[in-house]
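Below you'll find the structure, written out as structure tokens, and then a few comments.
The values are calculated or read from the model by the stated rules, or taken from the named source; none is laboratory data. Just so it is clear, the structure is predicted and the values come from calculations on it, not from any experiment. Glycine also receives a Cβ, built like all others from the backbone with ideal geometry; neighbour counts cover every protein chain displayed.
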Amino acid sequence: MCPCGAARAEGRVRSPPRRMDPALPRAVLDGLRGGPLREVIPSTLGEPLLWPGMDALVDLCAERGLSLNLTTNGTFPGRGARAWAERLVPVLSDAKISWNGATAATAEAIMPGLDHAAAVEGVRAFAAVRDAHEHACGRRATLSFQVTAQEGNVAEIPAIVRLAARLGVDRVKLNHLQVRFAALAPLSLRRDAGAIARWNAAVRAARAEARGAGGRPVVLQNAVELSPDPAAPAPAGPCPFLDREAWLLWDGRLAPCPHPEAWRGALVDLGSVADRTLLEAWASPAYRALVAGYEAHPVCRACPFRRPGGA
Ligand code: SF4
């Protein structure tokens, strides 16, 4: 069983385009009625607000009393920030907006095509709808900035926290850049002692900003200093996903976590919801064995999600 009850529904992935059939989440959620599921997280490769099934998923969440936990690039395609906020906020637990810089120069360099000024206004508009909804109903959806920390923006992390406070953003979540291919290695803040020192200084300054001197406090997540010696990192922590989240891929396959090796089947074969229910997969001996013994698996031993800022 899924004790925490989060299910991720992948809405869109990179080329070649592979979109989840909007009927698939409904079928899976039908099988989870009356269970412990409490949150749906449409993610993670590509922009979920471009997925044609989003309106149906929002309606489904409203109908079933489920929360929607959204990660978006903050461009609010097609409708603009205000209209998307009016659609989403009634079912939203949290909207994580990918945010890469406090200045236009940095943000637009990291995310080509972004209009930073428009993005700032989008957050302001979204927060206004969120606040009006809280005033009317007493229920607050949180707004978060999700920052992928790297050499290109480490100097602006404290200013990003300051900007978040000004815009009514509740939380800044810092993730380390994951080096999935060699070209990214020079941008990693974990790669050598100098990069680690820059990250640690940014963490200290960001914490001071988050305390909200002169403004409202911001929750700062994953702002953890690293061991100054890259050869002696802190021990890995627990897996943040096993037994907490079920991952439903675009074609109906189930995965234990978002690690690319897991999607390639290197950890466990959970099958597809075409052949078994999600709860059957969750209770299967293979999945239970992984939960009990993942720390011995070579992929899990090296997994970046087990480090602060990994997930
Ligand atoms: S690869 Fe990482 S995220 Fe996936 S199960 Fe192992 S420890 Fe957890």
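Listed values, structure above:
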item: Number of positions in segment 62-90 that are in a helix (DSSP H, G or I) and surrounded by fewer than 22 Cβ atoms within 10 Å (Cβ to Cβ); result: 8
item: Members of segment 165-197 found to be touching a Gly at 6+ places or on another chain (Cβ under 7 Å) and either surrounded by 19 or more Cβ atoms within 10 Å (Cβ to Cβ) or part of a loop (DSSP other than H, G, I, E, B) (or both), listed by number; result: A165, L174, N175, H176
item: Residue ID - farthest from the ligand (Cβ to nearest atom), chosen from residues in segment 248-296 that are free of Cβ contacts under 8 Å to residues at least 40 places away in the same chain and of a type in the set (S, T, Y); result: S272
item: Segment 213-247: number of residues that are free of Cβ contacts under 8 Å to residues at least 12 places away in the same chain and of a type outside the set (A, V, I, L, M); result: 2
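To keep it simple, each residue is scored yes or no on (1) modelled with pLDDT of 90 or more; (2) of a type outside the set (G, A, S).
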{"position": "R33", "(1), (2)": "no, yes"}
{"position": "G65", "(1), (2)": "yes, no"}
{"position": "L70", "(1), (2)": "yes, yes"}
{"position": "V89", "(1), (2)": "yes, yes"}
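Rundown of residues vs (1) over 28 Å from I160 (Cβ atoms); (2) surrounded by 14 or more Cβ atoms within 10 Å (Cβ to Cβ); (3) of a type in the set (F, W, Y), yes/no style:
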| position | (1), (2), (3) |
| --- | --- |
| G212 | no, no, no |
| L220 | no, yes, no |
| E225 | no, yes, no |
| A231 | yes, no, no |
| A234 | no, no, no |
| P256 | yes, yes, no |
